[in-house]
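In what follows, a structure is listed as structure tokens, so that the remarks can point back to it.
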Amino acid sequence: LGRNIVFYQTLDSTQKIAHQLAQESAPEGTLVIAEEQKTGRGRMSRQWYSPPGTGIWMSLLLRPELPPQKAPQFTLITSVAIVQAIEEVCGLQVQIKWPNDLLIDGKKITGILTELQADSERIYSLIIGMGMNVNQKQADFPEELHEIATSLALAKGEPVSRAKLVQRVLFHIERYYKMYMDKGFEPIKLLWESYAVTIGKHITARTLHDSISGVALGITDEGVLLLEDKDGVVHPIYSADIEWL
Ligand code: BTN
């Protein structure tokens with residue numbers, strides 16, 4: 001992965017360019033990376049703050065020959081890969097908050113956005129967007145993010161090499177992608193659960209229309225979160241924001 005790298009000093013969103021390249025038959029493993037994004041996108045149409053010079057803003061194109069229901073598993077594969085890359089390069093422990101947040105001391109260090117070009121039968125392209133806060137200082141974050149976001153440099157107390165991190169992230173995604181294709185999702189699911197903060201906790205899952213509280217039991221093979229409410233009913237949660245006390 002990452003043998004074909006497309007680098008931009010500044011662009012609107014690496015996701016957008018990766019979608020375009022996917023349609024122009026770019027090969028699997030193509031990586032779009034930018035120093036700055038003007039309109040970085042997060043989940044649920046949120047903005048993703050992507051200033052120049054401090055973070056890693058990149059999108060990786062994969063073409064797994066799989067049905068579209070398998071796509072959420074790639075968010076989990078990527079999470080585990082990034083957790084290990086951060087441990088290796090920075091020596092920092094990272095926790096995963098379902099579905100796609102990586103946290104240090106409860107603050108967001110990385111977000112993952114997995115998008116698809118697919119029909120009902122198969123995936124044509126899978127675009128994994130990764131936003132990693134690396135060398136921001138506290139004052140670099142806008143006021144509204146102070147309580148919820150942090151950077152690797154802040155957690156470690158010294159600057160971190162972005163080049164080294166990108167290299168190790170790709171290395172581990174490639175490794176887990178191969179493991180997944182050879183052995184299926186189970187080994188990755190177990191690893192993911194070992195890093196996840198949400199599992200076993202009493203949480204509230206908020207979707208656009210609804211909110212359900214209960215104990216997070218674990219995830220399914222499709223990466224769906226299972227939540228048991230006080231009456232013992234188990235709810236599958238496909239997409240939500242998670243809160244806990
Ligand atoms: C989230 O936590 O909501 C996901 C954030 C994903 C941000 C990354 S940065 C690189 C790529 N390009 C985008 O516009 N978004 C993703």
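Coordinate-derived values only; no laboratory data. Values in this document were obtained by computation on a predicted structure and should not be read as measured data. Using ideal geometry, Cβ is built from the backbone for each residue, glycine included, and neighbour counts are taken over all protein chains shown.
Beyond 31 Å in Cα-Cα separation lie the following of the pairs LYS107/LYS164; LYS38/LYS183; LYS97/LYS164; LYS183/LYS230; LYS156/LYS230; LYS107/LYS189: LYS38/LYS183; LYS183/LYS230; LYS156/LYS230.
Note on TYR124 and LEU92: the extension gain reaches 8.0 nm, defined as 0.36 nm multiplied by sequence separation minus the Cα-Cα distance. Considering every alpha-carbon pair of the stretch 202-244, the percent of pairs per 10 Å bin, from zero through the bin containing the longest distance, is 32, 60, 8.
Each principal axis of the Cα cloud of the stretch 137-187 was taken in turn, and the coordinate range along them, longest first, works out to 45, 23, 15 Å. Dipole magnitude for the stretch 5-195: computed about the Cα centre from +1 point charges on Lys and Arg Cβ and -1 point charges on Asp and Glu Cβ, it is near 120 debye. Using the Cβ-Cβ distance between LEU145 and SER239 with R0 set to 30 Å, the FRET efficiency from 1/(1 + (r/R0)^6) comes to roughly 0.85. Assuming R0 = 22 Å, what is the FRET efficiency of ASP229 and THR207, from their Cβ-Cβ distance, to the nearest 0.05? It comes out at approximately 0.95. Taken over the chain, the ratio of Cα radius of gyration to 2.2 N^0.38 Å equals 0.98.
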